[in-house]
Ligand code: CP3
């Protein structure tokens with residue numbers, strides 16, 4: 001196979017595909033016994049920072065689920081740690097970050113890290129993976145979007161109401177803007193380094209964008225993400241933008257300039273396609289809890305999404321957010337098989 005002629009990359013480029021490509025957000029994770037076995041011997045951060053381990057884990061879902069893309073095993077908070085923020089992952093609690101942002105000087109104290117120097121283990125994992133994956137599936141690199149990363153830095157972890165972040169935005173907009181600029185530069189350099197190392201697609205996760213009103217999304221987030229996308233080394237490397245709970249923001253998100261838009265499950269994919277302007281490649285959008293249904297029902301839901309997905313300019317099947325730890329691997333396998341079977345184009349059917 002020529003280096004670029006993968007089903008998943010073809011869909012990103014709006015080219016004809018033999019069937020609907022699928023990968024799954026968080027596809028290497030705790031729902032897999034093989035992951036839990038490695039996790040039993042290493043901390044999560046150790047796994048992210050050891051290229052051989054990150055490579056082994058990244059390959060698990062490619063081998064076990066037969067998905068159409070690999071996504072680098074890492075975390076969106078890795079470059080945040082490289083900015084000088086103390087980071088830990090605590091079992092049962094998630095990420096804990098130790099850094100206070102109250103005044104402009106606090107932002108001055110954050111670094112814009114050289115991605116190769118400070119996160120060389122990520123670039124090394126990408127290089128190892130490209131060798132392993134050649135002729136099989138393409139590799140997705142990723143980063144958090146600046147707003148989502150700012151939320152973790154300011155809140156110190158996952159938040160419910162994002163009160164500290166909103167206070168910073170509304171009461172100290174200059175400090176907020178300084179912070180967003182610094183994170184944006186970090187993200188741009190980090191993604192460009194991943195592309196240079198061999199990432200064939202990059203995905204930007206704006207997990208928390210959906211907490212904002214459309215007005216606030218436009219005012220406090222949009223321009224930063226758009227600028228990052230326009231500053232990526234784009235030749236042949238598609239950019240996927242994913243925002244959770246983003247249905248109400250899609251008419252703004254469509255102007256970001258990404259190649260593919262990832263959506264959650266709270267909107268039908270055909271309606272999302274229309275809000276995105278009708279000519280967008282759309283990624284999604286099965287409810288992750290749909291995998292708790294019996295296989296026949298999973299197929300029925302997948303068939304509906306695939307039928308609605310015909311209204312897009314290209315459909316990449318995925319869940320609307322990460323796969324959940326109690327998921328039965330066999331049902332995830334059944335989903336991948338069903339999407340490939342149900343999405344298969346009749347020979348003379350135009351696409
Ligand atoms: O998709 C993949 O398989 C690639 C790996 C990946 C992970 N995190 C592994 C992970 C990716 C792309 C991420 C992105 C990420 N990390 C996001 C954005 C995507 C999303 O889910 O909205 C966010 C918000 C984070 C931050 C983060 N990392 C949280 C909130 C948590 C704790 C919650 C949880 O699910 O445990 C993590 C930890 C994490 N990241 C794990 C994995 C496999 C679990 C770590 C463990 O084994 O204990």
>> Residue under question is residue 89, and the condition is that it be more than 20 Å from residue 201 (Cβ to Cβ), in contact with a strand residue (DSSP E or B) (Cβ under 7 Å, 6 or more places away or on another chain) and within 14 Å of the ligand (Cβ to nearest atom); does it hold?
In response: yes
> Considering only residues of the stretch 259-277 that are within 16 Å of the ligand (Cβ to nearest atom) and crowded, with 19+ Cβ neighbours inside 10 Å, which is nearest to the chain's Cα centre (by Cα)?
Replying inline: 262
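Search the stretch 198-221 for residues being in a helix (DSSP H, G or I) and away from the ligand (no atom under 16 Å from the Cβ), and hand back the single one that is surrounded by the fewest Cβ atoms within 10 Å (Cβ to Cβ). I'd like the intermediate steps shown before the answer.
Residues of the stretch 198-221 in a helix (DSSP H, G or I): 209-211, 214-221.
From the residues that got through so far, the ones that are away from the ligand (no atom under 16 Å from the Cβ) too are 214-220.
Working: 214: 14, 215: 9, 216: 16, 217: 22, 218: 14, 219: 13, 220: 22.
Among those residues, the one meeting the criterion is 215.
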> Hey, among 122, 137, 67, which residue is under 21 Å from the mean Cα position of the chain (by Cα), within 27 Å of residue 184 (Cα to Cα) and either in a loop (DSSP other than H, G, I, E, B) or within 12 Å of the ligand (Cβ to nearest atom) (or both)?
Replying inline: 122
>> Which pairs turn up if I take residues in the stretch 20-33 that are in contact (Cβ under 8 Å) with a residue 24 or more places away in the chain and look for partners that are assigned to a loop (DSSP other than H, G, I, E, B) and near the ligand (Cβ under 6 Å from one of its atoms) with beta carbon separation below 6 Å, at least 6 apart in sequence or on another chain?
In response: 25/322; 26/322; 28/73
> Can you pull out the residues in the stretch 4-14 that are touching a residue at least 40 places away in the same chain (Cβ under 8 Å), away from the ligand (no atom under 16 Å from the Cβ) and either part of a loop (DSSP other than H, G, I, E, B) or under 18 Å from residue 305 (Cα atoms) (or both)?
Replying inline: 4, 6, 11, 12, 13, 14
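Looking at 309, 314, 343, 320, which one is crowded, with 20+ Cβ neighbours inside 10 Å and closer than 19 Å to residue 61 by Cα? Please lay out each step first, then the result.
On the way: 309 fails: closer than 19 Å to residue 61 by Cα; 314 fails: closer than 19 Å to residue 61 by Cα; 343 fails: closer than 19 Å to residue 61 by Cα.
Selected residue: 320, the only one of 309, 314, 343, 320 that is crowded, with 20+ Cβ neighbours inside 10 Å and closer than 19 Å to residue 61 by Cα.
Here, each number is a calculation from the coordinates, and none is a lab measurement. Since the structure is predicted, the reported quantities are computational estimates derived from the model, not experimental observations. Please note: Cβ atoms are built from the backbone with ideal geometry, for glycine as well, and neighbour counts cover all protein chains shown.
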